[in-house]
Amino acid sequence: MILYPAIDLKDGQAVRLVHGDMQQSTVFSDDPAAQAQSFVDAGCEWLHLVDLNGAFAGMPVNAGPVGAILETCNVPAQLGGGIRDMQTIEGWLKKGLARVILGTVAVEDPDLVRTAARAFPGQVAVGIDARNGFVATRGWAEETTVRVTDLARSFEDAGVAAIIYTDILRDGAMSGPNVAATEALARAVSLPVIASGGVSSLADLIALRDTGVISGAISGRALYDGAIDLPEALRVLKEPA
């Protein structure tokens with residue numbers, strides 16, 4: 001199982017939110033590129049980036065720090081937040097992103113997801129952010145009546161690289177991931193599923209790994225706070241479930 005360290009970008013800084021609330025942010029670094037490189041130096045093989053301002057604005061906002069991370073770090077990175085048209089998708093991939101994450105448009109314009117996945121095989125992931133089993137969009141600010149599993153299944157034949165599933169009520173709260181819901185989703189679809197939200201200890205990572213069906217996990221606050229020892233976590237996750 002791959003561990004994706006999260007770098008959430010707000011106003012050019014690396015921050016963490018609680019439950020996706022922009023008013024509840026903690027700044028962890030004024031130099032996101034240096035922070036990203038520290039994760040790479042520890043052995044991380046991927047980076048997970050989020051343009052928080054972009055998620056609300058509906059367009060890229062933190063292009064500067066994302067570009068700096070891509071120039072500094074020699075591992076693949078995926079990015080979500082404010083990516084809602086083909087021009088933006090193409091622009092980010094040309095800048096060196098390995099994968100774009102489409103969230104809001106997966107609900108509002110699923111044809112765009114399909115078109116992008118065909119145009120850029122292996123470089124488009126779908127981000128599904130959920131509250132109580134239902135999808136939320138536009139930086140988690142808007143609730144929908146779309147069920148997580150229904151949305152994920154609708155993209156099974158689209159050629160997307162992965163589903164990134166975030167339980168909003170767990171995100172940034174250090175309360176543990178929703179292992180049961182994430183495992184259920186992973187068993188319901190044939191696509192790789194990456195867990196996000198609430199991963200706060202090595203035990204959480206092991207629990208996700210031991211399902212045998214979850215391909216990756218994203219963690220942010222626990223890595224910044226030192227609740228997860230990154231080198232140890234990377235070593236443990238290379239072991240079989």
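The values are calculated or read from the model by the stated rules, or taken from the named source; none is laboratory data. Predicted model only: the values in this text are computed from it and were never measured. Neighbour counts are summed over all protein chains in view; Cβ atoms, including those assigned to glycine, are modelled from backbone coordinates with ideal geometry. Heavy atoms of the whole protein, side chains included, go into the accessibility calculation; ligands, DNA and RNA do not. Shrake-Rupley method; radii C 1.70, N 1.55, O 1.52, S 1.80 Å.
Between the residues VAL146, ASN53, ALA77, the greatest Cα displacement towards the positive end of the dipole of the chain, with unit charges on the Cβ of Lys, Arg, Asp and Glu, is found for VAL146.
Relative contact order of the range 156-241, taken over Cα pairs closer than 8 Å and 6 or more residues apart, is 28 percent.
Taking amide H as placed 1.01 Å from N in the peptide plane, the amide H of ILE128 sits under 5 Å from that of ILE164, TYR165, THR166, each at least 5 places away or on another chain.
Highest mean first, the peptides 24-32, 93-101 sorted by other C-beta atoms within 10 Å per residue fall in the order 93-101, 24-32. Once you sort the root eigenvalues of the Cα gyration tensor of the chain as a ≥ b ≥ c, which label holds: rounded (a/c under 1.5), prolate (a/b larger than b/c) or oblate (the other case)? Rounded, since a/c falls under 1.5. Approximating the spin labels as points 7 Å out from Cα along Cα→Cβ, the THR144-to-SER215 distance works out to 2.1 nm. Looking at the chain, send over the antiparallel percent of its DSSP beta bridges, to the nearest 5. Rounded to the nearest five, the antiparallel share is 30 percent. Taking every protein chain into account, the accessible area of the range 29-116 amounts to 39 square angstrom per residue (probe 1.4 Å). Taken about its Cα centre, the chain carries a charge dipole of about 340 debye when Lys and Arg each add +1 at the Cβ and Asp and Glu each add -1 at the Cβ. For the range 129-226, just say rounded, prolate or oblate: build the C-alpha gyration tensor, square-root its eigenvalues into a ≥ b ≥ c, call rounded for a/c under 1.5, and beyond that prolate if a/b exceeds b/c, oblate if not. Judged from the Cα gyration tensor, the range 129-226 comes out oblate (a/c at least 1.5, b/c at or above a/b).
In summary, the aspartates and glutamates within cross-link reach of LYS10, defined as a Cα separation below 15 angstrom excluding same-chain residues under 8 places away, comprise ASP21, ASP30, ASP31, ASP51. Taking 0.36 nm per residue of separation and subtracting the Cα-Cα distance, full extension of the segment from MET86 to ASP41 would add 12.9 nm.
Magnitude of the charge dipole for the range 141-232, about its Cα centre and with charges confined to Cβ atoms of Lys, Arg (+1) and Asp, Glu (-1), is about 120 debye. Near GLY67: Cβ cut-off under 14 Å, other residues only, Lys/Arg at +1 and Asp/Glu at -1. The net charge is -1.
Subtracting the Cα-Cα distance of ALA34 and LYS238 from 0.36 nm times their residue separation leaves 70.9 nm of extension gain. The charge dipole of the range 19-94, taken about the Cα centre with unit charges on the Cβ atoms of Lys, Arg (+1) and Asp, Glu (-1), comes to about 180 debye, rounded to the nearest 20. For a test of the definition: using alpha carbon positions, the gyration tensor, and the 1.5 limit on a/c, classify the range 171-213 as rounded, prolate or oblate. Prolate, since a/c reaches 1.5 and a/b exceeds b/c. Measuring only protein heavy atoms, the 1.4 Å probe finds MET22 accessible over about 40 Å². On the chain, 48 percent of the accessible area sits on carbon and sulfur atoms, based on a 1.4 Å probe. What number comes out for the charge environment of ILE2, summing +1 per Lys or Arg and -1 per Asp or Glu over other residues with Cβ under 14 Å away? Summing Lys/Arg as +1 and Asp/Glu as -1 gives +2.
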